1. Which of the numbered conditions does residue 189 fail, given that it passes all the others? Conditions: (1) touching a helix residue (DSSP H, G or I) at 6+ places or on another chain (Cβ under 9 Å); (2) open to solvent by less than 70 Å² (accessible area, probe 1.4 Å).
2. Got at least one residue in the range 162-173 being touching a Cys at 6+ places or on another chain (Cβ under 8 Å) and loosely packed, with under 14 Cβ neighbours inside 10 Å?
3. So, of the residues in the range 41-76 that are of a type in the set (Ser, Thr, Tyr) and under 22 Å from the mean Cα position of the chain (by Cα), which turns out to be nearest to residue 100 (Cα to Cα)?
4. Testing residue 151 on (1) of a type in the set (A, V, I, L, M, F, W, C); (2) open to solvent by less than 70 Å² (accessible area, probe 1.4 Å); (3) under 16 Å from the mean Cα position of the chain (by Cα), one condition comes back false. Which one is that?
5. Which condition number does residue 2 fail, the rest of (1) within 21 Å of residue 141 (Cβ to Cβ); (2) at pLDDT below 95; (3) of a type in the set (Ser, Thr, Tyr) being met?
6. Find all pairs meeting these conditions: Cβ atoms under 7 angstrom apart; at least six residues apart or on different chains; first residue within the range 241-258 and closer than 12 Å to residue 207 by Cα and at pLDDT 90 or above; second residue part of a helix (DSSP H, G or I) and open to solvent by 80 Å² or more (accessible area, probe 1.4 Å).
7. Filter the range 39-56 down to residues that are of a type in the set (Lys, Arg) and in contact with an Asp or Glu (Cβ under 8 Å, 6 or more places away or on another chain) and give me whichever is least open to solvent (accessible area, probe 1.4 Å).
Amino acid sequence: MSIHPTAIISPGAVIPESCTVGPYCTIGPDVVLGEECELVSHVVLDGHLRAGARNRFYPFACVGVAPQDLKYKGEPTGVVMGDDNVVRECVTISRGTAGGGGTTQIGSHCLIMAYSHIGHDSVIGSHCILANAATLAGHVIVEDYATVGALNQVHQFCRIGKYAYTGGGTTVVQDVLPFSLTSAKRETHAYGLNKVGLERRGFDRERLRALQHAYRYLLAGKMNTTQALEKLKSEGVATEDVAYLIEFIESSGRGVVK
C-alpha cells in the first residue's frame, strides 16, 4: 500500500493495498474504499463513505462531509459511489440526512469537475458530467449520461433527465427534460469602449479617439458587422489598435458579442 507519511487514516477505515493515498489526506473511520483508488493529495474522506474501485480524488476534494443542513444532528449517514469516477479539485459531496434517506448516491464513470458541489441526499447516475462549479442543492436527481453545465445552480428536489445537457450558467428550478438541450438566455452585449480602463493603461487621446470612432460604427450605427468593417477599411490607414480590432473580428470563429 502506498500511503504518504503525512496522511492521517483513522482506525477502522478500509483501504486496500492497491490504493494510493497522497500527502496530507485525511480518511475517517467509517470509510471503505475499493481497489486501486487514488487520493492525489489534501483529500478529505469522511462519514459512512463506500467508494468502489478505481476512483480518483484530486486535491482538496471533500467527500462524505457533513451536510449543509441545519436539521442535521450528527446522524450516521453516508455516501455511496460506484467505480471509475473522477472527482476533481475542491469538489464537495455531502453525506445524506436522516430525513432524506441517509445516503447521497453517485454511480460509475462520472466526471465531477473542479469546485462542483453535490448536496445531501442527491442521486447521480452513471456516465454523468458535472462541469466546473456546478452546484446541486439537496435531493437533486441527475440521471445517467446527463451533463450539468459549468456554474449551474440546481434547486433542491429537481430532476435532470437522462442524456440531458444544461448550458453554462443555467439556473434550474424545475425538472429538465431527458434528451434535451436546456440553457439560460444569454443577453450579453458590448456597451462601448472601456475608456476608463484604457486611460489607466496609458492610452492617449488620439488612440482613444480612433477606437471610439471604430466602436461607433460597430455598435451605435445601423450597419451590421460586415458593413462596419468595410466602412472602417475604406477610410484608409487605421491605427495599430483599430487594425488589431478589425483582425480580431475577422478571425473570430464563433462571432463577436455586440
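1. (2)
2. Looking for residues that are touching a Cys at 6+ places or on another chain (Cβ under 8 Å) and loosely packed, with under 14 Cβ neighbours inside 10 Å, one finds at least one in the range 162-173, hence yes.
3. Within the range 41-76, the match that is nearest to residue 100 (Cα to Cα) is 58.
4. (2)
5. If we test residue 2 against (1) within 21 Å of residue 141 (Cβ to Cβ); (2) at pLDDT below 95; (3) of a type in the set (Ser, Thr, Tyr), just (1) comes out false.
6. 241/207
7. Here the answer is 56.
The rows are residues; the columns are (1) closer than 17 Å to residue 81 by Cβ; (2) modelled with pLDDT under 95.
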| residue | (1), (2) |
| --- | --- |
| 128 | yes, no |
| 133 | no, no |
| 165 | no, no |
| 173 | no, no |
| 195 | no, yes |
| 207 | no, yes |
| 210 | no, yes |
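The values are calculated or read from the model by the stated rules, or taken from the named source; none is laboratory data. Keep in mind that what you see is a predicted model, and the values were worked out from it rather than measured. Virtual Cβ from ideal backbone geometry, glycine too; neighbours counted across all protein chains shown. Heads up: the accessible areas ignore ligands, DNA and RNA and are worked out on the full protein's heavy atoms, side chains in. Shrake-Rupley method; radii C 1.70, N 1.55, O 1.52, S 1.80 Å.
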